[in-house]
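Quick notes on the structure that follows.
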Amino acid sequence: MGWLQRLKRGSFGKFLRLVFGRNHARIGIYGPPNSGKTTLANKIVKDWAGDIVGTVSGIPHETRRVKLKRDLTVRGDGGVLDIDIVDTPGIATKIDFRDFVEGYGIDEEDSKKRAKEATEGVIEAIRWLDDMDGVILVVDSTQDPFTQVNITILGNLEARKLPLLIAANKVDLKEAAPSLIRESFPQHKVVPLSALTGYNVESFYDNLIDVFR
């Protein structure tokens with residue numbers, strides 16, 4: 001693939017750093033379904049551009065296509081970082097249409113369509129890793145973090161040597177245990193936060209600048 005095709009596919013941050021020395025990073029938001037990826041993406045984009053990326057739902061796989069928001073400038077105590085944010089579909093090892101029918105009362109036809117689109121979205125999300133400068137892994141701090149999905153995502157990121165920041169999300173809930181995420185993944189930076197309420201988001205932005213600059 002030529003340089004122009006790579007640039008069009010999303011390597012603009014790498015191009016800027018190479019030519020102009022600018023701190024510009026394309027950051028993907030990854031994680032399992034319903035971990036709060038889109039809520040976090042919306043928070044980041046709202047804070048720095050006054051916009052949102054997508055809709056949020058309690059039904060898994062509401063986000064089924066990659067969504068990109070370009071040219072945000074994040075500021076913190078550690079400096080400034082220009083970023084593109086990429087909100088990705090939830091990564092899952094198995095997507096069964098029956099789960100939508102039985103768990104959420106969606107009719108069979110729509111459930112099959114949702115499951116097909118969600119499966120395609122997982123494939124798309126993995127492909128986009130080739131165009132990322134780093135990844136925010138969103139983990140639900142009310143759940144056991146040591147899951148097959150989280151381990152699979154981390155394995156992909158470590159193999160690609162991509163910078164990583166783990167967002168231990170949903171700490172506003174009483175059953176949250178972000179310390180368990182730190183204990184499970186001690187080799188990575190973990191920041192507890194609530195993407196919904198904005199709790200500890202300033203620390204999150206400082207760490208984002210530190211990790212991806």
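None of the figures in this text is laboratory data; all of them are computed from the coordinates on show. The shown structure was predicted, so the numbers you read here are calculated from the model rather than taken from an experiment. For neighbour counting, all protein chains shown are included, and Cβ atoms are generated from backbone atoms with ideal geometry for every residue, glycine included.
For ILE166, the shell of other residues with beta-carbons less than 9 Å away shows a net charge of +2, using +1 for Lys and Arg and -1 for Asp and Glu. Does segment 148-213 come out rounded, prolate or oblate by the C-alpha gyration tensor, with a ≥ b ≥ c the root eigenvalues, rounded set by a/c under 1.5 and, if not, prolate when a/b is larger than b/c and oblate if not? Taking the square roots of the gyration eigenvalues as a ≥ b ≥ c, segment 148-213 is oblate. Would you mind checking LYS43/LYS116; LYS69/LYS113; LYS116/LYS161; LYS43/LYS174; LYS46/LYS170 for any pair whose Cα atoms are more than 24 angstrom apart? Among LYS43/LYS116; LYS69/LYS113; LYS116/LYS161; LYS43/LYS174; LYS46/LYS170, the Cα-Cα distance tops 24 Å for LYS43/LYS116; LYS69/LYS113; LYS116/LYS161.
A Förster radius of 22 Å, combined with the Cβ-Cβ distance separating ASP144 from LYS174, puts the computed FRET efficiency at roughly 0.85.
Computed over the chain with a Gaussian network model linking Cα atoms closer than 10 Å, the most mobile of THR142, THR197, THR119 is THR197.
Just checking the listed ones, GLY76, GLY198, GLY103: in the Gaussian network model of the chain with Cα springs under 10 Å, the one fluctuating most is GLY103. Sorting VAL139, VAL53, VAL45 from the fewest to the most surrounding beta carbons within 10 angstrom yields VAL45, VAL53, VAL139. Taking the fewest neighbouring Cβ atoms within 10 Å as the starting point, the ordered list for ASP131, ASP210, ASP96 is ASP96, ASP210, ASP131.
Determine the percent antiparallel among the DSSP beta bridges restricted to segment 3-212, to the nearest 5. If I count the DSSP bridges inside segment 3-212, around 30 percent turn out antiparallel. Entry note, the chain: relative contact order of 22 percent, from Cα contacts under 8 Å with a spacing of 6+ residues. Over the C-alpha atoms of segment 3-212, the Rg to Rh ratio, Rh being the Kirkwood estimate, stands at 0.96. Label zone (THR152, point 7 Å along Cα-to-C-beta; backbone nitrogen cut-off 17 Å) within segment 92-111: 92-99.
Per-residue ellipticity at 222 nm computed for the chain from its helices equals -13000 deg cm²/dmol, with DSSP H segments shorter than 4 residues left out and the rest contributing -39,500 (n - 2.57). Listing TYR30, TYR199, TYR205 from fewest to most neighbouring C-beta atoms within 10 Å gives TYR199, TYR205, TYR30.
How many angstrom lie between the C-alpha centres of segment 42-75 and segment 171-213? Measuring centre to centre over Cα atoms gives 18 Å.
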